[in-house]
1. Of the DSSP beta bridges with both residues in the chain, give the percent that are antiparallel, rounding to the nearest 5.
2. Between the alpha-carbon centers of region 125-142 and region 407-456, tell me the distance in whole angstrom.
3. In debye, nearest 20, what is the charge dipole magnitude of the chain about its Cα centre with +1 on Lys and Arg Cβ and -1 on Asp and Glu Cβ, if you could check?
4. Which one, L407, G119, V342, is farthest towards the positive end of the dipole of the chain when Lys and Arg carry +1 and Asp and Glu -1 on their Cβ?
5. Using a cut-off of 15 Å between beta-carbons, work out the net charge of the residues near A97 (Lys and Arg +1, Asp and Glu -1, A97 not included).
6. Rounded to the nearest 20 debye, what is the charge dipole size of region 308-455 about its Cα centre when +1 sits on each Lys and Arg Cβ and -1 on each Asp and Glu Cβ?
7. Going from most exposed to least, what order do M147, M501 have by accessible area with a 1.4 Å probe?
8. Quick check on my link table: of K453/K509; K242/K465; K284/K509, which ones sit more than 20 Å apart, alpha carbon to alpha carbon?
Amino acid sequence: MPTRKRLGDLLQEAGLVSENQINQALEHKKENQKLGDTLLELGFITEQQLIEVLEFQLGIPHVSLYRYPIDENVLGFVTKELAQEKYVIPLEIKNNALVVAMKDPMDYFVIDDLELSTGFTISPVIAAKDDILFAINKYYFSNEFEMMIEESSEDDEAVVVRMLDQLLNTGVQLRASDIHIDPQETNVHVRYRIDGRLQTQKIIPKTLQNSLVARIKILADLNITQTRLPQDGRIKTRVGSKPVDLRISSLPTVHGEKVVIRILDLNNALMDLSELHFSEQNRKKYVHLLNQPSGLLLLTGPTGSGKTSTLYASLNRLNSEKVNIITVEDPVEYQLEGINQVQVNSSIGLTFAEGLRSILRQDPNIIMVGEIRDQETAEIAVRASLTGHLVFSTLHTNSALDTIPRLIDMGIEPYLVVSSLSGVVAQRLVRQICRDCKVDREPTSMEQEIFAKNGIEAGQVSYGKGCSVCHHTGYRSRLAVHEVLVLDDNMKTMLLNNESMTAIRDYVKSQEMSFLIQDGLEKVKSGLTTIDEVMQVSISM
């Protein structure tokens, strides 16, 4: 039996964490959370460092499951539920012992339970948490999925219920933001958007298409007989032990209804401003804008650029019993304690504009309008900000500066734009380099040229070489790049004098405003992302 050492002691012996960091982690630790997970969450160690310490100190080998030849005959020894809950997967029987990959080989309770339930001596090996999840998805779920498809008849309700559960389970496990159910001519593709990229995971027979779509529509309270018009709905459910909110959108296509399921993970809903990756300069500017008593503050960027997270983090910061905050949203994505949220319902005439009109009679201090889509909403939002309210909203434009001509194009008088608009934040999401396999290198001549053109000196740049933690993509999770435009008096005078946008752009450059590309390149220089990612989301200046 190995000597039962404590993880904190092992990490301290290896010189990876200090006593102070261990104490901080113990204070921060949620109920039932393991110390290792808290240290990872706080960024004190990487998963790879944790694995290396356990491997070295306990003499337990580390395996990568990416191409590991798992013996499928041993999968039956551990149930899918236990594998998911405890992050374990059996690999093979070797020297009369069952080899089990574990995220935490120091969890002796799980080892004891497995020995009792399987009758084998357990030989633990270490694997990264996501590596185990991918393997569970690949072996347990995919095999089960194939069996379901073989068993199914055309309208086998039980199979469709299990199939949808599994699709959602896989989506949550892979940390997907959306699940696309795409009908093709001869079958149905299921694709998951993970870290902003779509990848096909499953293919379903055409015969199950209608039952699967009908099942989703029943749960989302949609009209299952209406197949020729788009519909939207939502489902509140639990996937495993996680509470999730699902937004459902159906769209009729030539091969049947395409359904997109947006997964809103309620555990990650409320971020703090400090978690939004603002640079120090941009954070100061943004906090200054938030502290204004009135004015219009706009967030801009394409769908899926994290605007909602920034809005909610901002409202959360301003939320106190001294202020009345009211929002009008379509849809209400996350419900916030202490904030009055109104859901748009155009079928009964409750539009953004109507909702906003009624809000103004509710004595608000701070108003959030989900999106400015038309002239009427824009006008009411502008007037609300001029009558002493702080108004937040979103708009779809390519950059912060493009917002000004866009509002004027919408029919807002230039003098009203100037007097109401206090600031604009443009943002995009880029993939973050995996911390576990990050490698530094010299920038190429083309990269040096891009840095030089944007006035940034860079010594080293980083990339992810691919490992079991990031499933060999080199990236893990995403971060935001921003540009924050604050309208000062000079800019307002220039706008009132009808000066060109080129002149205004030159002026904000002279004020050292950091554009998307510069903020992105600073993050490349800091080793957070790559130039490839930044160039995909920003226009070179």
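1. Around 65 percent antiparallel, to the nearest 5.
2. Cα centroid to Cα centroid, the span is 36 Å.
3. Result for the chain is approximately 460 debye, rounded to the nearest 20.
4. L407
5. Summing Lys/Arg as +1 and Asp/Glu as -1 gives -3.
6. Magnitude of the dipole: close to 280 debye.
7. On the way: M147 105, M501 65 Å².
Sorted descending by solvent-accessible area, the residues read M147, M501.
8. Details: K453/K509 14 Å; K242/K465 31 Å; K284/K509 18 Å.
In this structure, K242/K465 lie more than 20 Å apart at Cα.
The values are calculated or read from the model by the stated rules, or taken from the named source; none is laboratory data. This structure is a prediction, so every number in the text was calculated from the model and none was measured. Positions of Cβ are generated from backbone atoms using ideal geometry, with glycine treated the same way; all protein chains shown enter the neighbour counts. Areas reflect the complete protein model, heavy atoms only, side chains present, ligands, DNA and RNA absent. Shrake-Rupley method; radii C 1.70, N 1.55, O 1.52, S 1.80 Å.
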